Amino acid sequence: MRKRLIAGNWKMNKTLKESKSLAQDILEELKGKEVDVDVVVAPTLININGVAEVVEGNIAVAAQNCSDKEGGAYTGEVTANMVKEAGGTHVILGHSERRAYFGETNELLSEKVNRVLDQGLTPIYCCGEELGQRKDGSYFKVIENQVKAALFHLSAEQFKSLVIAYEPVWAIGTGETATPDQAQEVHAFIRKLLVEQYGEVGNQTRILYGGSMKPGNAKELLSQEDIDGGLIGGASLKAADFVAIIEA
Ligand code: PGA
């Protein structure tokens, strides 16, 4: 049985004060609710430590990115080790915004995945097609390539801690969600790739859906067989909405 995971990607929102307060509000909203779900929040890098101090391990804290290097003269970059010492346990990698605006490639991401695993942290590896690729039917090929090129050098043992997030780019921040059938189709496809490569480990890997998930559509999406959780952007910035998704 795969334990569900709900992660909030706060993107470049919230100052330190606001981040701590949102984290506090999420804890308050969760109080007294019986939820058997792993909960992760991803503030901006500079606020990871502050949020980690507020949540005290009651929910997990993720970085939204880290370097593919172990350290040195790389102005403006942050290592996986620094994320870990600041209290982070997960790192989102390969989000479509990083791919589109910062030129991140599958090859670079395979190195980032290595650095994150070297530190014993959990990568949340994002993949997903653009609208044109959905329309011309090439999306399976695109996703297969994103998954294989960045991840399939890993051993089954390394793969165990990995989480994958399927996020169709056309559904991110647009209000347009993939239908549960569309999402399940791709999740099942990714699952098949993982099982072919890693056997039972692939069956145990959690695959999250991301792209305009909100309280109103979360239940239906999360009831699909291969959807094991969500990576939430916009709706994770309001504690009540985020917790409503966790409850769903
Ligand atoms: P959204 O973002 O929920 O605002 O669509 C999801 C994401 O980018 O991770």
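Some points to look at:
- Where the chain is the region considered: accessible area per residue in Å², 1.4 Å probe: 45
- Solvent-accessible area, 1.4 Å probe, carbon plus sulfur percent, for the range 112-248: 48
- Taking trypsin sites (Lys or Arg not before Pro) across the range 1-31, the ones in a DSSP loop with at most 11 further Cβ atoms lying within 10 angstrom of their Cβ are K3, K31.
- Probe 1.4 Å, all protein chains present, accessible-area order of W170, W10, largest first: W170, W10
- Relative packing of peptides 226-234, 98-106 - highest average C-beta neighbours within 10 Å first: 226-234, 98-106
- The chain: calculated mean residue ellipticity at 222 nm from DSSP helix runs of at least 4, using -39500 (n - 2.57): -13000 deg cm²/dmol
- For the range 135-181, trypsin sites (Lys or Arg not before Pro) meeting the loop criterion (DSSP other than H, G, I, E, B) and having at most 16 other Cβ atoms within 10 Å: K160.
- Modelled FRET efficiency - R0 30 Å, S21 with E77, Cβ distances, 0.05 increments: 0.60
- Anisotropy class of the range 1-43 from Cα gyration tensor, a/c 1.5 cut: oblate
The values are calculated or read from the model by the stated rules, or taken from the named source; none is laboratory data. These numbers were taken from a predicted model, which means no experiment stands behind them. We place every Cβ from the backbone using ideal geometry, glycine too, and count neighbours over all the protein chains shown. Just so you know, the surface numbers come from the protein's heavy atoms only, side chains and all, with ligands and any DNA or RNA stripped out. Shrake-Rupley method; radii C 1.70, N 1.55, O 1.52, S 1.80 Å.
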